[in-house]
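Enquirer: Pasting a structure here, questions to come.
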Amino acid sequence: MDFTYLAKNQKGAQVTGKISAQNNKQAIEMLKSQGLFVLKLDSSSHMQLGNISFRKKVSLKDKIIFTKELAMMVRGGLALVEALNALEEQTENQNFKEAIGKITEDVRGGTALSKAMSKYPKIFPGLYIAVTESGEKSGKLDQVLDRLADQLQKDYDLITKVKSAITYPIVIVCALFGVVILMLVFVVPKLKDIFSEMGVALPITTRILLGTSDFVVRFWYIVIALIVGIYFAIRFWARSPKGGLAWDRFKIRMPIFGQLARKIYMARFTRTMATLVASGLPMLEIIDTVKEVVGNQVFKIAFEGISKDVESGVTLSKALKKQRIFPPMIYQMVSVGERSGKIDDVLLNIANFYDKEVEASTSNLASLIEPILILIIGAGVGLAIASIIMPIYSLVNVI
């Protein structure tokens, strides 16, 4: 494996170069033996094309395994640096491996684990950093990491359920789209010749069908360009501040999927808040972390309002009640938790309730969508058949 390094020599001058080693730890040792103090070390083992790097993304499953094993090693009495070294050696994802190696070096140099992890926000998000920091402050890092691993596992299970639920309708829609394209390209052009020989007046639906087919066959490249252009235009619009807010608002209001999206956001927010409350973080810091984790701008704006209310002395339950996107059960249960002093347990119970709701909704999603898809497909097929049969029927009447 090749590494590019930036280092200082014994005279204090900066030097750069390349070195080959099995891992970054060995590369650092080799450079130290040459009398160099390493400032920066980058691996060039990943594929490169010009300035573009192709690196494997760190999956949620990778982070779950890392968190569980780190918690187990810390609980077993292994020093943090030794635990990180062991995890670096066994990690197969090269991107994650390099990040763990650099975090290990930072921790060995006296940097707190949470601060070292915060240098890699794409791997360790705000929730991860906040929970880890609370574990360091409380001296219960192993317990906090266990709780965090459970949170990540729940998120993974939730994502898996939702993906499996929407796979069926996506496959059906793609298959329908493919059938329509095949008909327009191969079937309808042959019917056009037949209708021309018949010499009868064609209904408006037949003329639209023939015109669409003719356009797709002659200007297929424009059709592809339009589809790709519309796709990227929507993505660009959804990433803009106004477009993102409109898209997030649409997601929680759309038929069928809107209710499911709301339940997912409720489960995510309550479980995340329960984890952070149990970790002993201040409420304002918890709210600031939650608003970034939920993943919807409508809820983010709501939590900004909640943060201001809590900062001014309003209880969390009353602050939640002022935001109308939360159902009554949420703020009523939180109020019970505030009075009993067990708000983390209450939030966890709410999260478990919504997890079951999401599971029930995803299992019923196919049965809810199937009739709608049948109606759409039936209407499309019926319109196409009518467009083809009507001219033939007109010719029979003329004869």
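Enquirer: Return one number: the angle in degrees, 0 to 90 and rounded to the nearest 10, between the long axis of the Cα atoms of helix 204-218 and the longest principal axis of the Cα atoms of the chain.
Expert: The angle comes out near 50 degrees.
Enquirer: Something else now. What spacing in nm lies between the two simple spin-label points modelled at Ile376 and Ile181, each 7 Å away from Cα in the Cβ direction?
Expert: 1.7 nm
Enquirer: How much mean residue ellipticity at 222 nm does the chain get from its helices, if each DSSP H run of length 4 or more adds -39500 (n - 2.57) and you divide by all residues, to the nearest 500 deg cm²/dmol?
Expert: -24500 deg cm²/dmol
Enquirer: On a 0 to 90° scale, report how tilted helix 141-182 is relative to the longest principal axis of the chain, with both axes built from alpha carbons and the result rounded to the nearest 10.
Expert: Its long axis makes an angle of about 20 degrees.
Enquirer: When the convex hull of the C-alpha atoms of segment 157-229 is computed, what volume per residue in Å³ does it have?
Expert: Here the figure is 112 Å³ per residue.
Enquirer: Subtract the Cα-Cα distance of Ala201 and Ala238 from 0.36 nm times their separation in residues, and report this length gain in nm to one decimal.
Expert: Value of the extension gain: 8.8 nm.
Enquirer: Right, next: What order, most packed first, do the peptides 318-329, 113-124, 377-388, 63-74 have when packing is the mean number of other Cβ atoms within 10 Å of each residue?
Expert: By packing density, highest mean first, the sequence is 63-74, 113-124, 318-329, 377-388.
Enquirer: Evaluate the relative contact order of segment 301-366 (contact order divided by residue number), counting alpha-carbon pairs under 8 angstrom at least 6 apart; express in whole percent.
Expert: 19 percent
Enquirer: For segment 200-215 and segment 144-173, what is the separation of their C-alpha centers, rounded to whole Å?
Expert: 45 Å
Enquirer: Now a separate question. Let me know the charge dipole size of the chain about its Cα centre in debye, to the nearest 20, where only the beta-carbon of Lys, Arg (+1) and Asp, Glu (-1) is charged.
Expert: The dipole magnitude comes to about 780 debye.
Enquirer: Measure off 7 Å from each Cα along the Cα-to-Cβ vector at Ser138 and Tyr393, then give the distance between these two points in nanometres to one decimal.
Expert: The modelled label-to-label distance comes out at 7.2 nm.
Enquirer: List the residues whose amide H sits under 5 Å from the amide H of Val15, counting only those 5 or more places along or on another chain, with H placed 1.01 Å from N in the peptide plane.
Expert: Result for Val15 returns Ala7, Lys8, Asn9.
Enquirer: Still on this structure, please answer the following. Quick one: what Rg and Dmax do you get for the chain from the alpha carbons, in Å?
Expert: 29.2, 103
Enquirer: A follow-up question, please. Can you compute the FRET efficiency between Ala79 and Ser59 using 1/(1 + (r/R0)^6), with r the Cβ-Cβ distance and R0 = 25 Å? Round to the nearest 0.05.
Expert: 0.35
Enquirer: With 10 Å bins from zero, work out the P(r) of segment 60-153 over every alpha carbon pair and list the percent per bin.
Expert: Result, from short to long distances: 17, 59, 24, 0 percent.
Enquirer: Once each part is reduced to its C-alpha centroid, what is the distance from segment 304-320 to segment 68-96 in angstrom?
Expert: So the separation of the two Cα centres works out to 39 Å.
Enquirer: Please order Leu245, Leu276 by the number of other Cβ within 10 Å, starting at the fewest.
Expert: Lowest count first: Leu245, Leu276.
Enquirer: Find the relative contact order for segment 60-153 and round it to a whole percent, using C-alpha pairs within less than 8 Å whose residues are 6+ positions apart.
Expert: After rounding, I find 33 percent.
Enquirer: Could you tell me which of Val314, Val336, Val185 has its Cα farthest along the dipole of segment 180-399 towards the positive end, charges placed at Cβ (Lys, Arg +1; Asp, Glu -1), taken about the Cα centre?
Expert: Towards the positive end, the residue furthest out is Val314.
Enquirer: Let me ask another. Note down the nm distance, to one decimal, between modelled labels 7 Å out along Cα→Cβ at Glu89 and at Val314.
Expert: Label at Glu89, label at Val314, 5.5 nm between them.
Enquirer: Could you give the C-alpha radius of gyration of segment 270-339 expressed as a fraction of 2.2 N^0.38 Å, taking N as the number of residues it contains?
Expert: Ratio of Cα Rg to 2.2 N^0.38 Å: 1.00.
Enquirer: Express in nm, to one decimal, how much length is gained between Tyr156 and Glu304 on full extension, taking 0.36 nm for each residue of separation and deducting their alpha carbon distance.
Expert: 50.6 nm
Enquirer: Report, in cubic angstrom per residue, the convex hull volume of the C-alpha atoms of segment 88-220.
Expert: About 187 Å³ per residue, rounded to a whole number.
Enquirer: Specify the angular offset, from 0 to 90 degrees and rounded to the nearest 10, of the alpha carbon long axis of helix 283-293 from the longest principal axis of the alpha carbons in the chain.
Expert: In the chain, helix 283-293 runs at an angle near 40 degrees to the longest axis.
Each value in this text was obtained by applying a stated rule to the coordinates, not by laboratory testing. All values reported here derive from a predicted model rather than from experimental measurement. Ideal geometry is used to build each Cβ from the backbone, glycine not excepted, and the neighbour counts take in all protein chains shown.
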